[in-house]
Amino acid sequence: MKHGAFAVGISARNRAGDLSDLGDELDKIEALGVDLIELPTFDYDLVIGGRIRAPQLATLQNACAGRSVAYSVHGPLAINLMDEPARAPRHLEVLEASLDVAQAVGALHYVLHSGLTHETEPAKLGDAYARQRELLTRAAELARERNLIICVETLFEYDGWKHASSPKRLAEEIAIVDHPHIMATIDFSHSYIKLDADGRRESFVEEIAALAPVARHLHVHDSFGRQDDLWVYTQGERLAYGNGDLHLPVGWGDIPWTQLLEECVFPEGVVFNIELDPRYWHVARECVDFTRGLASRAQTKGCGGRSKVA
């Protein structure tokens, strides 16, 4: 058993549509002392109709080049491997193009949201999981060709979706796929909200611990794990009630970080990546320092032959 994460990172923000100020953004992030920057390429207008926009990609590459940090990429949130079968080719087309983008910037990890479905009837829900496993297996080979690790992220139900995987169920699905280029992203807040919706808040640490051994990537931000089910006028009011996926600085919510670090064992190479709402960037440095303290206490263990890209 070892202690300490491979890297502490933070997600960049998207500003100018032509990425003309991305270099300045990355400069500011590097100055925070992080080891890794997560690029939200889903919002960089890099893929149009399933094809890469070469000039925009060149701008991204130029902004990223020559820096001392590593990179991860967050793929399009709309990719849904549990979606209706007729849409699978479109999802795979966009997935492959965005994996090419990740390869072009030398990313270590590619973050992919786990599937969502409207199905609740057991047989149809089982079919949705089977589709996701089949498509993840295909995606894994695309990732292998590009020397990437796809890290499948925990979600909660939103916008009318009826089912998202719990952390423990996602761990089971990844075990069935059993491919060295498919791992997990634990988004702690997403998982907290998911289990709250299921009436199982008390199972939060246990569920996270079940997924931790295959979680090479972590999305670190705070919340209270409450449903966003109350009308509010401003984001400040949402904060006052503590509702929803707030993307708060670590320590502002009530996620039990100390207990998680005591009970979870992560793979070697795990990344603690901060996803901070832009309204809280005035405390970004404090958040990085706090998160580095957490990461230094992380328990890690070799990941049983899985590719060690990080």
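The set of residues in the range 1-21 that are under 16 Å from Ala70 (Cα atoms) and outside any loop (DSSP other than H, G, I, E, B) comprises Ala7, Val8, Gly9, Ile10, Ser11. For Gly225, indicate whether it is without any contact (Cβ under 8 Å) to a residue 40 or more places away in the chain, under 16 Å from Thr154 (Cα atoms) and not aliphatic (A, V, I, L, M). The answer is yes for Gly225.
Test of understanding: among Leu142, Leu116, which residue is within 19 Å of the chain's Cα centre (by Cα), over 16 Å from His179 (Cβ atoms), at pLDDT 95 or above and hydrophobic (A, V, I, L, M, F, W, C)?
Working: Leu142 fails: over 16 Å from His179 (Cβ atoms).
That would be Leu116, the only listed residue that is within 19 Å of the chain's Cα centre (by Cα), over 16 Å from His179 (Cβ atoms), at pLDDT 95 or above and hydrophobic (A, V, I, L, M, F, W, C).
Could you please let me know if Arg279 is under 15 Å from Ala7 (Cβ atoms), at pLDDT 95 or above and either out of contact with any helix residue (DSSP H, G or I) (no Cβ under 9 Å at 6 or more places or on another chain) or of a type in the set (Lys, Arg) (or both)? Criteria not met by Arg279. Among the residues of the range 118-143, those that are within 17 Å of Ala97 (Cβ to Cβ) and either of a type in the set (D, E, K, R) or in contact (Cβ under 8 Å) with a residue 60 or more places away in the chain (or both) comprise Arg138, Glu141. Can we say Ile37 is within 20 Å of the chain's Cα centre (by Cα), touching a residue at least 60 places away in the same chain (Cβ under 8 Å) and under 19 Å from Arg285 (Cβ atoms)? When the stated conditions are applied, Ile37 does not pass them.
For the range 98-108, does any single residue satisfy the condition of being over 23 Å from Ile37 (Cα atoms) and in contact (Cβ under 8 Å) with a residue 12 or more places away in the chain?
Taking the range 98-108 and keeping what is over 23 Å from Ile37 (Cα atoms), we get none.
The answer is no, given that none of the residues of the range 98-108 is over 23 Å from Ile37 (Cα atoms) and in contact (Cβ under 8 Å) with a residue 12 or more places away in the chain.
Looking only at the range 90-121, how many residues end up being closer than 24 Å to Ala171 by Cβ and touching a strand residue (DSSP E or B) at 6+ places or on another chain (Cβ under 9 Å)? Residues flagged as closer than 24 Å to Ala171 by Cβ and touching a strand residue (DSSP E or B) at 6+ places or on another chain (Cβ under 9 Å) within the range 90-121 amount to 17. Looking across the range 227-263, just one residue is more than 18 Å from the chain's Cα centre (by Cα), under 25 Å from Ile149 (Cα atoms) and surrounded by 15 or more Cβ atoms within 10 Å (Cβ to Cβ), and that is Leu261.
Entry remark, the range 6-39: residues being farther than 15 Å from Arg292 by Cβ, in contact with a Ser or Thr (Cβ under 6 Å, 6 or more places away or on another chain) and either surrounded by fewer than 17 Cβ atoms within 10 Å (Cβ to Cβ) or not acidic (Asp, Glu) (or both) number 1 in total.
Yes/no matrix, rows are residues, columns are (1) buried (at least 18 other Cβ atoms within 10 Å of the Cβ); (2) in contact with an Asp or Glu (Cβ under 6 Å, 6 or more places away or on another chain); (3) at pLDDT below 95; (4) not hydroxyl-bearing (Ser, Thr, Tyr):
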| residue | (1), (2), (3), (4) |
| --- | --- |
| Asp187 | yes, yes, no, yes |
| His190 | yes, no, no, yes |
| Asp198 | no, no, no, yes |
| Arg201 | no, no, no, yes |
| Phe204 | yes, no, no, yes |
| Ala212 | yes, no, no, yes |
| Leu218 | yes, no, no, yes |
| Gly225 | yes, yes, no, yes |
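For every residue, the table says whether it meets (1) crowded, with 17+ Cβ neighbours inside 10 Å; (2) within 25 Å of Cys64 (Cα to Cα); (3) touching a helix residue (DSSP H, G or I) at 6+ places or on another chain (Cβ under 8 Å); (4) not aliphatic (A, V, I, L, M).
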| site | (1), (2), (3), (4) |
| --- | --- |
| His91 | yes, no, yes, yes |
| Leu95 | yes, yes, yes, no |
| Leu108 | yes, yes, no, no |
| His113 | yes, yes, no, yes |
| Thr120 | no, no, no, yes |
| Ala128 | yes, no, no, no |
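Scanning the range 262-306 for residues that are under 23 Å from Ala175 (Cβ atoms), in contact (Cβ under 8 Å) with a residue 12 or more places away in the chain and either out of contact with any Ser or Thr (no Cβ under 9 Å at 6 or more places or on another chain) or of a type in the set (Asp, Glu) (or both) yields Glu263, Cys264, Glu268, Ala298, Gln299, Thr300, Lys301, Gly302, Cys303, Gly305, Arg306.
Report, by residue number, each residue of the range 247-263 that is part of a loop (DSSP other than H, G, I, E, B) and either in contact with a strand residue (DSSP E or B) (Cβ under 7 Å, 6 or more places away or on another chain) or aromatic (Phe, Trp, Tyr) (or both). I'd like the intermediate steps shown before the answer.
Of the residues in the range 247-263, the ones part of a loop (DSSP other than H, G, I, E, B) are 247, 249-256.
Hits for the range 247-263 are Pro249, Val250, Gly251, Trp252, Gly253, Ile255.
The values are calculated or read from the model by the stated rules, or taken from the named source; none is laboratory data. This structure is a prediction, so every number in the text was calculated from the model and none was measured. Glycine gets a Cβ as well: all are built from the backbone with ideal geometry, and neighbour counts include every protein chain shown.
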